[in-house]
Amino acid sequence: MRNAVLLPNGFVLTTDNSAGIGEKMDDVVSTPDEIVSYFAARVALLEQWASSATPLSIVVHNFSGYQSWDKYVTGIEKLFNEIGVKCPEITGSSETNIETLQSAIAVTMLGEQQEEGFNEFRWYAYGKPSVGEEVVKDEDKIANLKKIREAINMGLVHRVWPVGSTGIKGECKRLGFDGYLVDWDVEKSAGPATSVLLGVDIFKEKEAILHFGQYFKAISL
């Protein structure tokens, strides 16, 4: 994992940030603040799951001004509502002394690791790598966190590993193997974890394929 720190007593700290994306005139990408915080929280949450942890609290670092705070909170709450999990308490601070020209936000989660047993699994890629405007335009093609949460609870998935800027190929190397997919660009950035590597129970692969649907591909080694 890139954005996770293992703390004493089984606590896990994860974070993600973005800048130049939002509602300010000088932003590089014009996007509602709710969407910006939603995807920042999405990455931080996936990093929690990758550490087998459950988030307990959330800290928002808002550099966009007081007018963005409520929107950022709404986006984070939307994420947890979608996966059917109560949103942890949100705290943080806003830059109100200096008016910034571009939007900037960081979302940090503190979670607690859960005990996990050993299970045999096979790696799959879920969600096509997407960046920039593709993330919103092709929303139906990116990994759905509610489905991932359900699959974990059903025992279909034993490992979660979000894909970042190094693409599927880069994350496979981090995990210690060379993987490829015939139909997808494995070197393309997945932006805010639009693609996720999932360790699927080898005895439940058919069930997992039905559960995740079209954008779910076994990784060839």
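Just so you know, all these numbers are worked out from the coordinates, no wet-lab data involved. Small disclaimer: the values here were computed from a predicted structure and weren't measured. We place every Cβ from the backbone using ideal geometry, glycine too, and count neighbours over all the protein chains shown.
Sequence-ordered 3J(HN,Hα) estimates for region 160-173 from the Karplus curve with 6.51, -1.76 and 1.60 and θ = phi - 60° stand at 10, 9, x, 9, x, 6, 7, x, 4, 4, x, 6, 4, 5 Hz, glycine and proline given as x. The label-point distance for D140 and L210, in a model that sets each label 7 Å from Cα toward Cβ, rounds to 2.2 nm. With R₀ fixed at 25 Å, the C-beta to C-beta distance from T166 to S93 puts the FRET efficiency at about 0.20. Relative to the longest principal axis of the Cα atoms of the chain, the long axis of helix 33-50 lies at roughly 40 degrees. Tally Lys and Arg at +1 and Asp and Glu at -1 over the other residues with C-beta under 12 Å from the C-beta of I142: what net charge comes out? That sum, taken over residues with Cβ under 12 Å, equals +1. Site pair V85 and E133 shows an inter-label distance of 3.3 nm when each label is modelled 7 Å from Cα along Cα→Cβ.
Once Lys and Arg get +1 and Asp and Glu get -1 on their Cβ, which of Q67, V160, P129 lies farthest toward the positive end of the dipole of the chain? Of Q67, V160, P129, it is V160. A simple charge model with +1 on the Cβ of Lys and Arg, -1 on the Cβ of Asp and Glu and nothing else charged puts the dipole of the chain at about 600 debye relative to its Cα centre. Counting Lys and Arg as +1 and Asp and Glu as -1 over every other residue whose Cβ lies under 9 Å from the Cβ of Y126, the net charge comes to +2.
Rounded to whole Å, give me the distance from the Cα center of region 160-200 to that of region 1-40. Spelled out, the Cα-based centre of one part sits 19 Å from the other. Answer rounded, prolate or oblate for region 121-218, using the Cα gyration tensor with square roots of eigenvalues a ≥ b ≥ c: rounded when a/c is under 1.5, else prolate when a/b is larger than b/c, else oblate. Oblate, since a/c reaches 1.5 and b/c is not below a/b. With the cut-off at under 14 Å, measuring from each backbone N in region 51-68 to a point 7 Å along the Cα-to-Cβ line of R174 picks out 51-52. For the chain, the fraction of alpha-carbon pairs lying more than 24 Å apart is 42 percent, rounded to a whole number.
Here the chain is scanned for GluC sites (Glu not before Pro) in DSSP loops (not H, G, I, E, B) that have at most 10 other Cβ atoms within 10 Å, and the longest stretch holding none of them is 121-221. Calculated mean residue ellipticity at 222 nm for the chain: -9000 deg cm²/dmol, from DSSP H runs with n ≥ 4 weighted as -39500 (n - 2.57), summed, divided by the residue count and rounded to 500.
Could you list, in their original order, any pairs among K86/K206; K86/K141; K71/K173 whose Cα atoms are separated by more than 32 Å? Distance filter (> 32 Å) returns K71/K173.
Note on K78 and E187: their simple-model spin labels are 3.4 nm apart, each label 7 Å out from Cα toward Cβ.
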